[in-house]
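The values are calculated or read from the model by the stated rules, or taken from the named source; none is laboratory data. Predicted, not measured: the structure shown is a model, and the values here were computed from it. Positions of Cβ are backbone-derived with ideal geometry, glycine not excepted, and every protein chain shown enters the neighbour counts. Just the protein is used for accessible areas: all its heavy atoms, side chains included, with ligands, DNA and RNA removed. Shrake-Rupley method; radii C 1.70, N 1.55, O 1.52, S 1.80 Å.
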Amino acid sequence: MTKQVEGLLLDMVWLDRAAGQPLYRQLDGQLRAAVLSGRLAPGTRLPATRQLARDLGISRLTVQNSYEQLVAEGFLTSVTGAGTFVAEIPPEDLPPKRPDPAQNARAGTLGLSERGKAIAGSWAATRIAETRPFRPGVPAPDLFPMAAWSRLWAKALHRLGDDLFGYGAAGGYPPLRRAIANHLVNARGVNCDADQIIVTAGAQQSFALCALTLLDPGDLAWGEDPGHAAGRDILLAMGTEMASVAIDEEGLDIAAGRAEHADPRLIFVTPSHQHPLGVTMSLRRRLELLQYCQRIGAWVLEDDYDSEFRYSGRPLPALQGLDEADCVIYAGSFSKVLYPSLRIGYLAVPRALVEAFCAAQTVLSQGIPLLPQVVLADFMDEGRYAAHIRRMRVAYGERQRLLVDCLKSRAAGLLEVQPTDAGMHLMAWLPDGASDLEVCRALWQKGIEAVPLSIYCARPYPRAGMLLGFTAVQPEQLDRKVDQLVEALSSITISNI
């Protein structure tokens, strides 16, 4: 016996005339969902187009369009003189049913690889969210040269033409590679030329390329402790075994590393401004590191993430500039100087590695978008990048001074502030007994962002602290933001954290 649906069908369909989607699309989408879910069983006869149009208050043509679409897709059948019916769909053609929540949770656990589970449990998404006051490492949007950037963007669009639709050159846009090499030689003391530059989609891809090209799964790498959490995460995700080596007042403690761990295949360091503590690796320790790596045949991955911003004296030359054995891979990005969503970074690699790194990048991503590279190359060639760094260095130094003064006068007893000679964040130490994780979670609930030191630590650190960024808070907003920070900290007592 043929099933009839009229009033029942009206309960399944709800059309929104204010929506941007056409009514016939809404109708066939809801009918399709009803068939797939089983609410409209096979063999069910649908109302005549005239009747359904009258019931729904829409045109008959709208209903006809929906019926015809669903007949064409195989969800309905039309029999001349008899009407329109729900088709019998073979079970193998139906999409899988959504599992119940318990099954979903089980699949989420069992369906992941060991690598996937490690990534899911990492702090990889710590900074992927809205930007709030005092987030570390965020450049000042109010000081970005938007007018010049927009002009160069329009110019690049006009000049590129059909070239925009290709993959671009291996290793990156050649004029950008030249501009980066010139900057690194002149500003950072790096020993390289344009052919040694690999343009990447940011620092994370740079680290992934190093692991993919230089390390086999199970190879040992040393990392600083506390150390770069994002760098550690990507190396672990690529199957690297990570050994944590302590930081002292001179930087990576190589003697302690040798005493505690086997010789590594790669050592990941942030020598110019150690992340997160801010220590600068001494010349003695730099030479010791290079000699050790040359002797054991290890690579050094130098992340020079924010060294452009130094507030006393000139920026220190890069470790790579001291390397005479071609064992240092130098990594940097434009996220800290320009803006993170630009997603452009770079590597300076020994000549013998260039071809392999270009091939590895092709495997990972087929290069990066061409247009932003063209704009950035023009921005650097016109001298605007160097000028922007100089301007930011002055502004950020002043913003740090204002923040330190405010915190010392208003947060005494709540925080011990440690100013920095370089970079975009400072360390704020918490009272004994405090949990930096719980304090930072509580601050987030109050609209303030700080990053707990403990997420960078493989072993417990003697003090609880958090990273406070000072670069993206405008001076005229600082008093209010510090008041919010102090108010939030005052409401968090050691007893309830």
Practice item. Can you send over the carbon and sulfur percentage of the accessible area for the stretch 239-345, probe radius 1.4 Å, protein chains only? Key: 48
Study note, to complete from the structure: Scattering profile of the chain from the Debye formula, Cα beads only, expressed as log10 I(q)/I(0) at q = 0.06, 0.07, 0.10 Å⁻¹, is -0.42, -0.54, -0.87
Check your understanding: How much of the accessible area of the stretch 109-228, probe 1.4 Å, is carbon plus sulfur, in whole percent?
Key -> 57
Point to revise | the stretch 429-483-the stretch 64-90 distance, computed between alpha-carbon centres (Å) | key: 61
Study note, to complete from the structure: Computed over the chain: longest principal axis from alpha-carbon atoms vs helix 283-296 long axis, angle to nearest 10 degrees, is 70
Exercise for review: Compute from the Cα atoms of the stretch 141-235 the Rg and the Dmax, the latter being the longest Cα-Cα distance, and quote both in angstrom.
Suggested key: 17.5, 49
Exercise for review: Go through the stretch 40-91 and name the GluC sites (Glu not before Pro) that are in a DSSP coil and have 15 or fewer other Cβ atoms within 10 Å of their Cβ.
Suggested key: E88
Exercise for review: May I ask for the distance between the Cα centers of the stretch 352-366 and the stretch 267-318, given as a whole number of Å?
Suggested key: 25
Point to revise | Fraction of accessible area attributable to carbon and sulfur, the stretch 381-497 (%, probe 1.4 Å) | key: 49
Point to revise | Of the GluC sites (Glu not before Pro) in the stretch 244-344, those whose Cβ has at most 10 other Cβ within 10 Å and which sit in DSSP loop | key: E249, E324
Study note, to complete from the structure: For the pair N182 and E88, the simple spin-label estimate (label points 7 Å beyond Cα toward Cβ) gives in nm 7.5
Review point. Which FRET efficiency value, to the nearest 0.05, do you get for V79 and Q484 by plugging their Cβ-Cβ distance into 1/(1 + (r/R0)^6) with R0 = 51 Å?
Key: 0.15
Review point. Once the piece of chain linking A359 and Q477 is laid out straight, how much longer is it, given 0.36 nm per residue of separation minus the C-alpha distance between them?
Key: 37.8 nm
Practice item. Provide Rg over Rh for the stretch 355-497; use the alpha carbon set for both Rg and the Kirkwood Rh (inverse mean inverse pair distance). Key: 1.11
Point to revise | Accessible area expressed per residue, the stretch 371-497, with surrounding protein chains retained (probe 1.4 Å, Å²) | key: 44
Review point. In the stretch 282-336, what is the volume of the convex hull around the alpha carbon atoms, normalised per residue and reported in Å³?
Key: 76
Review point. Averaged per residue, what accessible area in Å² does the stretch 161-236 show with a 1.4 Å probe, protein chains only?
Key: 38
Practice item. Specify the angular offset, from 0 to 90 degrees and rounded to the nearest 10, of the alpha carbon long axis of helix 370-381 from the longest principal axis of the alpha carbons in the chain. Key: 30
Point to revise | Segment E324-L371, length gained on full extension (0.36 nm per residue, minus Cα span) | key: 13.4 nm
Review point. Given DSSP loops and a limit of at most 12 other Cβ atoms within 10 Å, what is the longest stretch of the chain that contains no such chymotrypsin sites (Phe, Trp or Tyr not before Pro)?
Key: 168-497
Review point. Using a 1.4 Å probe, what is the accessible area per residue for the stretch 305-359, in Å²?
Key: 38
